[in-house]
1. For every other residue with a beta carbon closer than 13 angstrom to the beta carbon of SER114, add +1 if it is Lys or Arg and -1 if Asp or Glu, then tell me the sum.
2. With a 1.4 Å probe and every protein chain left in place, work out the accessible area per residue of region 75-193 in Å², rounded to a whole number.
3. Between THR155 and residues 5 or more places away or on another chain, which pairs have amide H atoms under 5 Å apart, with H built 1.01 Å from N, and which residues are they?
4. Please sort 48-57, 132-141 by packing, taking for each peptide the average over its residues of neighbouring beta carbons within 10 angstrom, highest first.
5. Per residue of region 75-81, what does 6.51 cos²θ - 1.76 cosθ + 1.60 with θ = phi - 60° give for ³J(HN,Hα)? Whole Hz please, x for Gly and Pro, Karplus curve as stated.
6. With Rg and the Kirkwood Rh both taken from Cα atoms, where does Rg over Rh land for region 34-132?
7. Which whole-Hz ³J(HN,Hα) couplings does region 162-167 yield from phi under the Karplus relation 6.51 cos²θ - 1.76 cosθ + 1.60, θ = phi - 60°, glycine and proline marked x?
8. What are the residues whose amide H is under 5 Å from the amide H of ILE126, where those residues sit 5 or more places off or on another chain and H is modelled from the backbone?
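The values are calculated or read from the model by the stated rules, or taken from the named source; none is laboratory data. None of the values given here were measured: they were computed from a predicted structure. Virtual Cβ from ideal backbone geometry, glycine too; neighbours counted across all protein chains shown. When the accessible area is computed, the model is the full protein with side chains, heavy atoms only, and any ligands, DNA or RNA have been set aside. Shrake-Rupley method; radii C 1.70, N 1.55, O 1.52, S 1.80 Å.
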Amino acid sequence: MRYQIVIALHLPIIILILLSLISVVLAQNVPLDNTYSNEMCGFSIHYPTSWIVREFNQKYKSGPSSLFVMAELRPGVPDGFKNVVEIEAEDITAYHDMSIKGIGEFMEFYLLESNVNIKESIRKDINNTSAHQIVYERLTPNGNVFKTKEIYIPTESNLYVIRFDTLGSNFYDKYISYFDSMVQSIDVDGKKC
C-alpha cells in the first residue's frame with residue numbers, strides 16, 4: 001500500500017520526465033529541411049518544415065550604431081508564439097571589445113543590469129566559427145519565469161544575435177533541442193547589413 005502511494009505521488013513527475021525525453025528524441029529526428037537566408041546580411045539557418053518564418057528586414061539606427069532585425073521563426077502550432085527564434089545583426093563597431101571574450105563580458109554585464117538570472121555563459125564553436133552563448137531567466141511581475149538562450153557570433157562587420165525566447169521553462173524544455181540543432185546549421189559570411 002505504501003509503495004502505491006509513493007508511486008501515485010511521483011507519477012506526474014515521471015510522466016513529465018518521460019514526455020521531455022520523448023520530445024528531445026523527436027526533435028533530434030526532425031529534419032531541418034527548410035533554409036532561411038538573408039542575402040543582405042550574409043546569414044542562413046536551417047529549420048523544420050513545420051515552422052513559420054516571419055521576415056522583417058528592418059534597420060534601426062541609434063547614433064552611430066544600428067540593429068538589423070532579419071526574421072523570427074517559430075513552431076507552426078497553436079502555442080508556437082510562445083517559442084520564438086529571433087535573428088538580428090548589430091553593427092559590431094559599436095562595441096569597444098569585439099572579441100568573443102569582450103562580447104560575452106559585455107552581454108553578461110548588460111543582462112545583469114536588466115535583472116535577469118544568468119544560468120550559463122560559455123564560448124562555443126558553430127561550424128568552425130567562434131561564438132558565445134548565454135542562457136538566462138527573468139521573472140515577470142506575475143511570477144512567470146521566461147527562459148532565453150542567446151547565441152552571439154561576431155564577424156568583422158556584424159554581431160549576429162540568435163535568440164530563443166520562450167514564455168516559460170516548460171516551453172523552453174519542449175523546443176530547446178530544435179533550437180540547438182538549428183544553431184549548428186548557421187552559416188555567416190559577415191556581409192555588412
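1. Surrounding charge for SER114 is -3.
2. Normalised by residue count, the accessible surface of region 75-193 is 48 Å².
3. TYR160
4. 132-141, 48-57
5. Residue by residue, region 75-81 yields x, x, 10, x, 9, x, 5 Hz.
6. Radius of gyration relative to Kirkwood radius: 0.98.
7. 10, 10, 9, 10, 10, 9
8. HN-HN under 5 Å from ILE126: ALA131.
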